[in-house]
Amino acid sequence: MVWVCTTHFSMACGGFVCSRSALCVLNIIYVMVSLFMTGVAGWGKWFGLVSSFRVMAAVIAVGLFLFAVAIVGLYGALKHNQVLLFFYMLILFMVFIVQFSVSCACLAISKEQQSLLLEIGWNKSESMQKDLERTLDCCDFIKVDYNGTCEANCFKEQTCTLCSEIIQDYADDALHFVGGISLFFSFTEILGVWLANRYRNQKHPRQYPGAFI
């Protein structure tokens, strides 16, 4: 009797119930991450840490996209909806491909490529330049021009360091950190695809055997 109960519990946990619970937990984590990203972006803009609207909008857009995908996956898991789970798998797999590629690029980028990308990014946004000058207490990217303007406190004393030198010191560690975190989350996404596919092919234990799932 005990063996029968244990076997029944193991089958239930390893099947429909376990797959649904794991998928729900994974999407709840995605919801929390998306809300955290959106909250951090709004907090940074509110307190003036980030003045660039494009940077803030990009972070919020990514957060909202992740939130929408997580809600679709969570609802599809709770309702065992075949259509929603299919689109959830498709979107999550595409996100996995993009994120995995970006993480590999971050981990494999060279110093010369870093410098080129940083200079392109620096010249692209004046508001971001001001944020970096104020935060890092540095001026300009290639040569400090004391006849121009700068947001750093050191500019009045004319003792400023190039922002490129300070940024380069952190760029390598930051790229490896971002690449590692992105690589980790990309594997959670492929796990979500596998769980959703497994869950879609399982029958609800409370439905009659001839029901189409």
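At a Förster distance of 22 Å, what's the computed FRET efficiency of Y75 paired with S21, Cβ-Cβ distance as r, to 0.05? Write out the running numbers ahead of the final one.
On the way: r = 15 Å, r/R0 = 0.69.
According to the calculation, E is roughly 0.90.
Rounded to whole numbers, the Karplus 3J(HN,Hα) couplings from phi for the stretch 106-120 are 5, 7, 9, 5, 8, 4, 5, 5, 4, 4, 5, 5, 5, 5, 4 Hz, using 6.51 cos²θ - 1.76 cosθ + 1.60 with θ = phi - 60°, and x at Gly and Pro.
Readers should treat all values here as calculations from the given coordinates under stated rules, not as data from a laboratory. Keep in mind the model is a prediction, meaning the values are calculated, not measured. All Cβ positions, even for glycine, are placed from backbone atoms using ideal geometry, and neighbour counts span all protein chains on display.
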